[in-house]
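Trainee: Mind having a look at this structure? Questions to follow.
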Amino acid sequence: AKRFEEFGLTSGNFDCVGFESNEDLVGFDNFDGLFKAIVGRLVLKIRYSPAFGKEEDRIFHPYYLKQYNCRWFLLGFDVKVQAIRNFALDRIKGFSVVDGIEYIPYSGGGFDEYFKDVVGVTIMENVPVQDIEFLVYDEKTYNYLLTKPFHSSLRLMKEYVSPEDPAKMKVTVRPNFELEAVLLRYADNIRIVSPDPFRQRFLARIRKILERNE
């Protein structure tokens, strides 16, 4: 809103700016209550329905709301697993405030720092930060990645010359599902070089795609 005011724009001006959104997003009606719980440092009992597994109640200390790929996530301390986890708002079926439990505050730094080594929101604590190196064989893909890097750590190691002399790039992150999903967008024009465990996992997903579509 402040940026709009700098340009002399108000809600009464003509339609000239669009933001990515999902009008049919399930669970966003919980946003206001979850935001207030974070600000008020309230412990919650959340009815959660994971993608895999049974719906259950979880005692949760909420810390942060984050949007990724038109989807909202609640980050906080999950008492059941004794670790920080994120819950997708569209999988939260309901929540209530729990009295009599002391709120456990977040003891780390800022959340920009917390998420800086991942693409998306999923942090695998047992997976170290790694250099994911890949070749880019297509000039359009190369130019696109230069102008729209999918992570702030993306670096050019070798410039593109031709399909026979491809570019080389690397991204320094903690591998997760979201990283694989992003790289799969470019799967027909890139080749993962290293590390080998990530390369093999990436190849396995491509083989599965081929099997499903043959």
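The values are calculated or read from the model by the stated rules, or taken from the named source; none is laboratory data. The model shown is predicted, which means the values in this text are computed figures rather than measured ones. Virtual Cβ from ideal backbone geometry, glycine too; neighbours counted across all protein chains shown.
Trainee: Can you list residue pairs whose Cβ atoms sit under 9 Å apart, with the first residue in the stretch 38-49 being polar (S, T, N, Q) and the second being part of a loop (DSSP other than H, G, I, E, B)? Count only pairs 6 or more apart in sequence or on different chains.
Mentor: Taking only residues 6 or more apart or on different chains, the pairs are Ser49/Glu55.
Trainee: Six or more apart or on different chains, Cβ atoms under 6 Å: show the pairs whose first residue is in the stretch 185-214 and under 19 Å from Pro149 (Cβ atoms) and whose second is part of a loop (DSSP other than H, G, I, E, B) and at pLDDT 95 or above.
Mentor: Taking only residues 6 or more apart or on different chains, the pairs are Asn189/Tyr137; Asn189/Asp138; Phe198/Pro175.
Trainee: Collect the residues in the stretch 73-92 that are farther than 17 Å from Arg41 by Cα, among the aliphatic types (A, V, I, L, M) and either in contact with a strand residue (DSSP E or B) (Cβ under 7 Å, 6 or more places away or on another chain) or not in a loop (DSSP other than H, G, I, E, B) (or both), keeping them in residue-number order.
Mentor: Ala83, Ala88, Leu89, Ile92
Trainee: Glu180 fails exactly one of the following numbered conditions: (1) acidic (Asp, Glu); (2) over 19 Å from Val136 (Cβ atoms); (3) at pLDDT 95 or above. What is the number of that condition?
Mentor: (2)
Trainee: Being in contact (Cβ under 8 Å) with a residue 40 or more places away in the chain and of a type in the set (Asp, Glu) is the filter here; which residues of the stretch 125-147 pass it?
Mentor: The answer is Glu125, Asp131, Glu133, Asp138.
Trainee: So Phe150 clears everything in (1) in contact (Cβ under 8 Å) with a residue 40 or more places away in the chain; (2) of a type in the set (A, V, I, L, M, F, W, C); (3) within 30 Å of Ala83 (Cα to Cα) except one condition, right? Which one?
Mentor: Condition (1) is where Phe150 drops out.
Trainee: Of the residues in the stretch 84-124, how many are in contact (Cβ under 8 Å) with a residue 40 or more places away in the chain, more than 28 Å from Val26 (Cβ to Cβ) and outside the structural domain of Leu34 (by TED's automatic domain parsing)?
Mentor: 1
Trainee: Any idea how many residues of the stretch 93-112 are out of contact with any Lys or Arg (no Cβ under 7 Å at 6 or more places or on another chain) and assigned to a strand (DSSP E or B)?
Mentor: Selection size over the stretch 93-112: 1.
Trainee: Just name the residue that is surrounded by the fewest Cβ atoms within 10 Å (Cβ to Cβ) out of those in the stretch 57-70 that are more than 15 Å from Asp32 (Cα to Cα) and at pLDDT below 95.
Mentor: Cys70
Trainee: Can you work out which of the residues in the stretch 137-195 that are of a type in the set (S, T, N, Q) and outside any strand (DSSP E or B) is surrounded by the fewest Cβ atoms within 10 Å (Cβ to Cβ)?
Mentor: Selected residue: Thr147.
Trainee: Out of (1) at pLDDT 95 or above; (2) buried (at least 19 other Cβ atoms within 10 Å of the Cβ), the odd one out for Arg47 is which?
Mentor: Exception for Arg47: condition (2).
Trainee: For the stretch 103-121: of the residues being within 18 Å of Trp72 (Cα to Cα) and aromatic (Phe, Trp, Tyr), which is surrounded by the fewest Cβ atoms within 10 Å (Cβ to Cβ)?
Mentor: Phe111
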